[in-house]
Amino acid sequence: SLSDRLAATFKNLRGKGKLTEADIDGTAREIRRALLDADVAVPVVREFIARVKARALGTEVAQSLNPGQQVVKIVNEELVGILGGETRELHFAKHPPTIIMLAGLQGAGKTTLAGKLAAHLKNRGHQPMLVACDLQRPNAVGQLQVGGERAGVPVYAPHPGVSSETEEATGDPVAVAEDSITHANEKLHDVVIIDTAGRLGVDEEMMTQAANIKSAVGAHETLFVIDSMIGQDAVNTAQAFNEGVNFTGVVLTKLDGDARGGAALSVAQVTGKPVMYASTGEGLKDFEVFHPDRMARRILDMGDILSIIEQAEASWDKAEAAKMAQKFTDQEDFTLEDFRAQMQQLKKMGSMKKLLGMMPGAAGMRQQLEQFDDSQLDRVEAIINSMTPHERNAPKIINGSRRARIAKGAGVHVSEINSLLERFTQAQKMMKKMASGGGGGDMPGGMP
Ligand code: GDP
Ligand code: MG
């Protein structure tokens with residue numbers, strides 16, 4: 001499997017130092033293969049790899065990872081980012097009804113999706129209404145009516161109540177769309193979902209019709225529905241629809257098949273629009289809110305490796321935290337070296353406030369700690385770096401001339417050295433207070 005192949009390219013070296021071109025190239029080859037296997041369009045793969053390389057080169061390798069894993073981590077982050085990062089929800093209009101239009105090629109799954117989306121929104125307390133604006137295909141209206149019935153949602157159609165099974169529906173889709181909004185206002189529907197016609201290939205007439213419907217009703221959301229099996233055509237189709245109707249979001253259909261979902265990356269990268277939903281079958285319930293992180297795993301097809309990376313990072317943090325906990329109970333040993341290690345750990349965790357949340361009974365120190373400015377961590381680290389190991393381990397020896405030397409080395413004013421040493425003495429006192437107070441060295445998070 002890909003995971004195995006990738007694992008084989010990883011050197012067993014732990015991190016340290018920065019990613020080199022060689023580290024990146026070995027892994028990038030496998031990533032490229034994974035993306036092509038997932039049917040990501042060739043130019044998109046090329047651009048994506050270039051982007052990852054540019055970002056990865058010179059990146060520090062986390063202590064817990066080896067260089068190959070570090071590259072995969074970056075690839076995964078980039079992928080999730082391009083796919084939209086967070087799940088994008090529908091934007092509801094301030095003044096209902098919220099008008100959602102579906103656009104896409106014939107057979108993409110628009111009509112099927114209309115019923116699913118209506119059911120989904122109904123479950124969330126909305127009163128949606130479906131609108132049949134595909135007046136091109138025989139029985140297109142009937143198909144939507146069946147979907148609406150299943151979802152328990154009314155369908156607005158040009159000839160309500162008349163089955164169009166035997167005759168092709170006629171009428172002007174733009175007029176139908178406009179009338180439907182008046183109807184929705186009367187019936188107090190807060191969401192209107194408009195199903196439109198598609199063609200097997202992109203053609204101008206279809207695109208113009210969709211654009212006309214969109215502007216006539218002032219659609220709040222235009223969802224581009226695309227078959228995930230479309231493969232290399234995803235780029236051209238997405239570009240055409242983006243130019244034609246300037247869609248706001250993407251729905252990926254037929255993800256229940258073999259498709260690994262590369263189309264999601266192709267569309268997202270080329271248009272910059274988020275994927276919002278996925279359709280995974282013909283049933284009403286085969287419908288999911290789209291999660292970029294899960295999709296990234298599916299496209300890369302290396303959940304194993306990503307899990308290993310996450311575990312490695314988690315266990316490394318745990319080991320560091322345990323070491324820190326030991327220092328809390330053993331205040332005699334607490335040195336500037338430890339102080340620096342803590343700061344590095346803090347930076348990794350994000351913020352001092354986060355640490356506060358981890359320490360029980362630290363209420364008394366809260367004020368002092370909150371005064372600690374997270375953005376100062378880098379400067380403090382630079383100062384400690386300018387000290388000799390002996391000075392770090394025995395801060396008491398840092399006299400006036402040593403202070404001047406350290407300040408020069410770190411490029412800061414001597415007053416900053418003074419305030420750091422003061423702060424350090426305070427921290428030492430805190431350690432003592434913590435260690436002697438109440439629960440002793442009890443640290444949260446199941447640490448030994
Ligand atoms: P439209 O032309 O865009 O309206 O597409 P339809 O909604 O008519 O769907 C075309 C075909 O694809 C129908 O046979 C659907 O049952 C099928 N279909 C739609 N969505 C999915 C899906 O997520 N998975 C599978 N397996 N089939 C789907
Ligand atoms: Mg249809």
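Every number in this text was worked out from the coordinates using simple rules, so none of it is lab data. What you see is a predicted model; the values in this text were computed from it and never measured. Ideal geometry is used to build each Cβ from the backbone, glycine not excepted, and the neighbour counts take in all protein chains shown.
A few points about this structure:
- Estimated inter-spin distance, GLU86 and LEU57, nm [label 7 Å along Cα→Cβ]: 3.4
- 3J(HN,Hα) along the range 193-201: 10, 9, 8, 10, 7, x, 10, 5, x Hz, from the Karplus curve 6.51 cos²θ - 1.76 cosθ + 1.60 with θ = phi - 60°, whole Hz, x for Gly and Pro.
- In this simple spin-label approximation, ARG33 and VAL414 carry label points 7 Å from Cα along the Cα→Cβ vector, and these lie 6.3 nm apart.
- Pairwise Lys count, the range 98-290 - Cα closer than 22 Å, eight or more residues apart or different chains: 16
- The simple Förster model, with R0 at 22 Å and r as the Cβ-Cβ distance, assigns GLU186 and HIS95 a FRET efficiency of 0.90.
- In order through the range 20-28: 3J(HN,Hα) via Karplus (6.51 cos²θ - 1.76 cosθ + 1.60), integer Hz, x for Gly, Pro: 9, 4, 5, 4, 6, 4, x, 6, 4
- With contacts taken as Cα pairs under 8 Å at a separation of at least 6 residues, the range 162-321 carries a relative contact order of 15 percent.
- Pairwise FRET efficiency - ALA319 versus ALA50, Cβ, R0 = 45 Å, nearest 0.05: 0.80
- Ordered by the number of other Cβ atoms lying within 10 Å of each residue's own Cβ, fewest first, PHE92, PHE48 fall into the sequence PHE92, PHE48.
- Length gained on full extension, GLN232 to VAL146, computed as 0.36 nm times the residue gap minus the Cα-Cα distance: 27.7 nm.
- Options ALA41, LEU79, GLN69, ranked by Cα towards positive dipole end of the range 12-84, top entry (Cβ charges): GLN69
- Around ALA151: net Lys/Arg minus Asp/Glu count, Cβ-Cβ under 10 Å: +2
- Summing +1 for each Lys or Arg and -1 for each Asp or Glu among the other residues whose beta-carbon sits under 14 angstrom from that of SER401 gives +3.
- Virtual spin-label span in nm between GLU204 and GLN106, 7 Å along Cα→Cβ: 2.0
- Applying 1/(1 + (r/R0)^6) with r as the Cβ-Cβ distance of LYS285 and ALA382 and R0 = 56 angstrom yields a FRET efficiency of 0.50.
- Amide hydrogen neighbours beyond the local backbone of THR253, cut-off 5 Å, H modeled: ILE226, ASP227, SER228, SER279
- The range 98-290 - Rg (one decimal) and Dmax (whole number), Cα, Å: 15.3, 45
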